Amino acid sequence: MDSGRRQFLGRCGFVVTGAAVPFALPRGMLQQAHARPDAGASVVMERQAGVGHERFMRLAVEEARKNPKWPFGAVIVHTRTGEILGSGVNTGTDSPLLHGEVVAMNDYVRRQGNQGWADATLYTTGEPCSMCMSAMAWANLRRVVWASSIDDIRSTGIIQIDLTARQVADAASSFYTPQLLLGGVLADHTNRLFREAQRLRESLPDAPGVTYG
(Lines give C-alpha, C1' and ligand atoms only; values in the text may rest on other atoms or scores of the structure.)
Protein backbone atom coordinates (compact mmCIF):
# COMPACT_ATOMS: atom_id res chain seq x y z
CA MET A 1 0.00 0.00 0.00
CA ASP A 2 1.44 3.39 -0.97
CA SER A 3 1.89 6.07 1.67
CA GLY A 4 -0.82 8.31 0.19
CA ARG A 5 -3.48 5.65 0.49
CA ARG A 6 -2.28 4.69 3.99
CA GLN A 7 -2.65 8.32 5.10
CA PHE A 8 -6.10 8.50 3.49
CA LEU A 9 -7.30 5.40 5.36
CA GLY A 10 -5.73 6.65 8.55
CA ARG A 11 -7.68 9.91 8.37
CA CYS A 12 -10.88 7.89 7.94
CA GLY A 13 -10.23 5.86 11.09
CA PHE A 14 -9.74 2.53 9.30
CA VAL A 15 -6.93 0.46 10.78
CA VAL A 16 -5.25 -1.83 8.29
CA THR A 17 -2.78 -3.29 10.75
CA GLY A 18 -5.17 -5.65 12.50
CA ALA A 19 -7.78 -4.21 14.85
CA ALA A 20 -11.35 -3.83 13.63
CA VAL A 21 -12.74 -0.37 14.27
CA PRO A 22 -15.89 1.50 13.22
CA PHE A 23 -15.40 3.01 9.81
CA ALA A 24 -17.41 5.65 8.01
CA LEU A 25 -16.24 8.01 5.32
CA PRO A 26 -17.24 11.65 5.73
CA ARG A 27 -19.30 12.84 2.76
CA GLY A 28 -16.49 14.95 1.32
CA MET A 29 -13.94 12.18 1.59
CA LEU A 30 -16.40 9.69 0.06
CA GLN A 31 -16.63 11.96 -2.98
CA GLN A 32 -12.84 12.15 -3.03
CA ALA A 33 -12.66 8.36 -2.93
CA HIS A 34 -14.88 8.09 -5.99
CA ALA A 35 -12.46 10.33 -7.84
CA ARG A 36 -9.37 8.30 -6.97
CA PRO A 37 -8.07 5.42 -9.13
CA ASP A 38 -8.45 3.03 -6.18
CA ALA A 39 -11.92 4.28 -5.27
CA GLY A 40 -13.58 0.93 -5.82
CA ALA A 41 -11.53 -0.82 -3.15
CA SER A 42 -12.06 2.04 -0.69
CA VAL A 43 -15.83 2.00 -1.14
CA VAL A 44 -15.93 -1.79 -0.79
CA MET A 45 -14.03 -1.48 2.50
CA GLU A 46 -16.56 1.06 3.74
CA ARG A 47 -19.52 -1.10 2.79
CA GLN A 48 -18.08 -4.15 4.53
CA ALA A 49 -17.04 -2.45 7.76
CA GLY A 50 -18.68 -2.61 11.17
CA VAL A 51 -22.06 -4.31 11.31
CA GLY A 52 -21.62 -5.99 7.93
CA HIS A 53 -18.45 -7.71 9.06
CA GLU A 54 -20.06 -8.85 12.29
CA ARG A 55 -23.08 -10.27 10.47
CA PHE A 56 -20.95 -12.59 8.36
CA MET A 57 -18.58 -13.42 11.20
CA ARG A 58 -21.55 -14.67 13.20
CA LEU A 59 -22.23 -17.11 10.35
CA ALA A 60 -18.63 -18.31 10.62
CA VAL A 61 -19.17 -18.79 14.36
CA GLU A 62 -22.26 -20.91 13.60
CA GLU A 63 -20.05 -23.12 11.44
CA ALA A 64 -17.40 -23.26 14.17
CA ARG A 65 -19.90 -24.54 16.72
CA LYS A 66 -20.27 -27.71 14.65
CA ASN A 67 -16.84 -28.74 15.98
CA PRO A 68 -16.77 -27.56 19.61
CA LYS A 69 -13.27 -28.89 20.31
CA TRP A 70 -11.70 -27.17 17.30
CA PRO A 71 -14.00 -24.23 16.51
CA PHE A 72 -12.46 -23.01 13.28
CA GLY A 73 -15.40 -22.05 11.07
CA ALA A 74 -15.44 -20.10 7.82
CA VAL A 75 -17.87 -18.70 5.28
CA ILE A 76 -17.24 -17.22 1.85
CA VAL A 77 -19.62 -14.51 0.68
CA HIS A 78 -20.07 -12.52 -2.50
CA THR A 79 -18.59 -9.14 -1.66
CA ARG A 80 -21.27 -7.12 -3.42
CA THR A 81 -24.45 -9.13 -2.80
CA GLY A 82 -23.66 -10.90 0.48
CA GLU A 83 -24.70 -14.25 -0.97
CA ILE A 84 -23.17 -17.21 0.88
CA LEU A 85 -20.98 -19.01 -1.65
CA GLY A 86 -19.28 -21.58 0.57
CA SER A 87 -18.90 -22.61 4.20
CA GLY A 88 -17.05 -25.09 6.33
CA VAL A 89 -15.65 -26.13 9.69
CA ASN A 90 -12.38 -27.78 10.67
CA THR A 91 -12.46 -31.53 10.01
CA GLY A 92 -8.78 -32.11 10.64
CA THR A 93 -9.43 -35.50 12.22
CA ASP A 94 -10.20 -36.71 8.67
CA SER A 95 -7.20 -35.00 7.05
CA PRO A 96 -4.55 -32.54 8.26
CA LEU A 97 -5.37 -30.39 5.23
CA LEU A 98 -8.99 -29.80 6.21
CA HIS A 99 -8.76 -26.58 8.16
CA GLY A 100 -11.97 -24.56 8.26
CA GLU A 101 -10.91 -22.18 5.50
CA VAL A 102 -9.87 -25.01 3.20
CA VAL A 103 -13.17 -26.84 3.79
CA ALA A 104 -15.04 -23.62 2.94
CA MET A 105 -12.93 -23.15 -0.20
CA ASN A 106 -13.64 -26.74 -1.26
CA ASP A 107 -17.34 -26.13 -0.70
CA TYR A 108 -17.09 -22.95 -2.78
CA VAL A 109 -15.53 -24.89 -5.67
CA ARG A 110 -18.25 -27.54 -5.50
CA ARG A 111 -20.95 -24.88 -5.66
CA GLN A 112 -19.38 -22.18 -7.84
CA GLY A 113 -16.51 -23.80 -9.70
CA ASN A 114 -12.92 -22.61 -9.52
CA GLN A 115 -13.75 -19.07 -10.56
CA GLY A 116 -14.85 -15.72 -9.18
CA TRP A 117 -12.54 -15.67 -6.18
CA ALA A 118 -11.69 -11.99 -6.63
CA ASP A 119 -15.36 -11.12 -6.06
CA ALA A 120 -15.55 -12.94 -2.72
CA THR A 121 -14.71 -12.29 0.93
CA LEU A 122 -13.78 -15.04 3.37
CA TYR A 123 -14.72 -14.76 7.05
CA THR A 124 -13.06 -17.09 9.55
CA THR A 125 -13.16 -17.43 13.32
CA GLY A 126 -9.36 -17.72 13.53
CA GLU A 127 -6.57 -15.93 11.72
CA PRO A 128 -5.61 -18.09 8.71
CA CYS A 129 -2.52 -20.20 9.18
CA SER A 130 0.26 -20.12 6.60
CA MET A 131 -1.28 -23.06 4.70
CA CYS A 132 -4.73 -21.50 4.47
CA MET A 133 -3.48 -18.01 3.66
CA SER A 134 -1.28 -19.47 0.93
CA ALA A 135 -4.32 -21.22 -0.54
CA MET A 136 -6.16 -17.90 -0.61
CA ALA A 137 -3.23 -16.24 -2.34
CA TRP A 138 -3.11 -18.97 -5.00
CA ALA A 139 -6.86 -18.59 -5.51
CA ASN A 140 -6.60 -14.78 -5.65
CA LEU A 141 -9.13 -14.45 -2.86
CA ARG A 142 -8.37 -10.84 -2.05
CA ARG A 143 -10.54 -10.10 0.99
CA VAL A 144 -10.07 -12.00 4.24
CA VAL A 145 -11.57 -11.14 7.63
CA TRP A 146 -10.83 -13.05 10.83
CA ALA A 147 -11.71 -12.90 14.50
CA SER A 148 -9.14 -14.41 16.91
CA SER A 149 -5.46 -13.83 16.16
CA ILE A 150 -2.83 -16.54 15.89
CA ASP A 151 -1.47 -15.44 19.29
CA ASP A 152 -4.95 -15.66 20.84
CA ILE A 153 -5.41 -19.16 19.42
CA ARG A 154 -1.98 -20.29 20.61
CA SER A 155 -2.83 -19.12 24.14
CA THR A 156 -5.59 -21.75 24.27
CA GLY A 157 -3.18 -24.64 23.72
CA ILE A 158 -3.48 -24.96 19.94
CA ILE A 159 -0.12 -25.02 18.19
CA GLN A 160 0.37 -22.54 15.38
CA ILE A 161 3.06 -21.84 12.78
CA ASP A 162 4.59 -18.50 13.74
CA LEU A 163 3.66 -16.60 10.58
CA THR A 164 0.81 -14.12 10.46
CA ALA A 165 -1.65 -13.95 7.59
CA ARG A 166 -0.16 -10.61 6.55
CA GLN A 167 3.36 -12.01 6.48
CA VAL A 168 2.21 -14.80 4.17
CA ALA A 169 0.41 -12.29 1.94
CA ASP A 170 3.53 -10.11 1.83
CA ALA A 171 5.62 -13.12 0.82
CA ALA A 172 3.24 -13.66 -2.12
CA SER A 173 3.32 -10.01 -3.22
CA SER A 174 4.86 -10.86 -6.60
CA PHE A 175 1.46 -12.21 -7.71
CA TYR A 176 -1.04 -11.48 -4.92
CA THR A 177 -2.41 -8.07 -3.93
CA PRO A 178 -5.06 -8.35 -1.20
CA GLN A 179 -7.67 -5.63 -0.95
CA LEU A 180 -8.66 -6.30 2.65
CA LEU A 181 -6.93 -8.19 5.46
CA LEU A 182 -8.79 -7.41 8.67
CA GLY A 183 -8.51 -9.08 12.07
CA GLY A 184 -10.28 -8.73 15.38
CA VAL A 185 -13.92 -8.82 14.24
CA LEU A 186 -15.91 -10.34 17.13
CA ALA A 187 -12.61 -11.49 18.64
CA ASP A 188 -13.92 -11.25 22.21
CA HIS A 189 -16.64 -13.69 21.25
CA THR A 190 -14.39 -16.15 19.44
CA ASN A 191 -11.68 -15.97 22.10
CA ARG A 192 -14.27 -17.23 24.58
CA LEU A 193 -15.21 -19.94 22.10
CA PHE A 194 -11.59 -21.10 21.86
CA ARG A 195 -11.21 -21.07 25.65
CA GLU A 196 -14.36 -23.18 25.97
CA ALA A 197 -12.89 -25.57 23.40
CA GLN A 198 -9.69 -25.83 25.42
CA ARG A 199 -11.63 -26.79 28.54
CA LEU A 200 -13.58 -29.35 26.54
CA ARG A 201 -10.42 -30.93 25.14
CA GLU A 202 -8.86 -31.04 28.60
CA SER A 203 -11.96 -32.69 30.06
CA LEU A 204 -11.95 -35.35 27.32
CA PRO A 205 -8.25 -36.28 26.98
CA ASP A 206 -9.02 -39.60 25.29
CA ALA A 207 -11.06 -38.01 22.52
CA PRO A 208 -9.81 -39.22 19.10
CA GLY A 209 -7.82 -37.04 16.78
CA VAL A 210 -5.49 -34.10 17.16
CA THR A 211 -6.02 -31.21 14.83
CA TYR A 212 -4.95 -27.63 14.52
CA GLY A 213 -5.93 -24.52 12.59
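The values are calculated or read from the model by the stated rules, or taken from the named source; none is laboratory data. What you see is a predicted model; the values in this text were computed from it and never measured. With ideal geometry, Cβ positions are generated from the backbone for all residues, glycine too; neighbour counts draw on all protein chains shown. Note: accessible area is taken over every heavy atom of the protein model, side chains too, but ligands, DNA and RNA are not part of it. Shrake-Rupley method; radii C 1.70, N 1.55, O 1.52, S 1.80 Å.
For region 69-198, the solvent-accessible area of protein heavy atoms averages 41 Å² per residue (probe radius 1.4 Å; ligands and nucleic acids excluded).
Using r as the Cβ-Cβ distance of Arg58 and Phe175, and R0 as 30 Å, what FRET efficiency do you calculate, to the nearest 0.05? My answer for the efficiency is 0.40. The amide H of Gly184, built 1.01 Å from its N in the peptide plane, has Trp146, Ala147 as neighbours under 5 Å, considering only residues 5 or more places off or on other chains. Computed extension gain for Lys66 through Asp162, at 0.36 nm per residue and net of the alpha carbon distance, reaches 31.9 nm.
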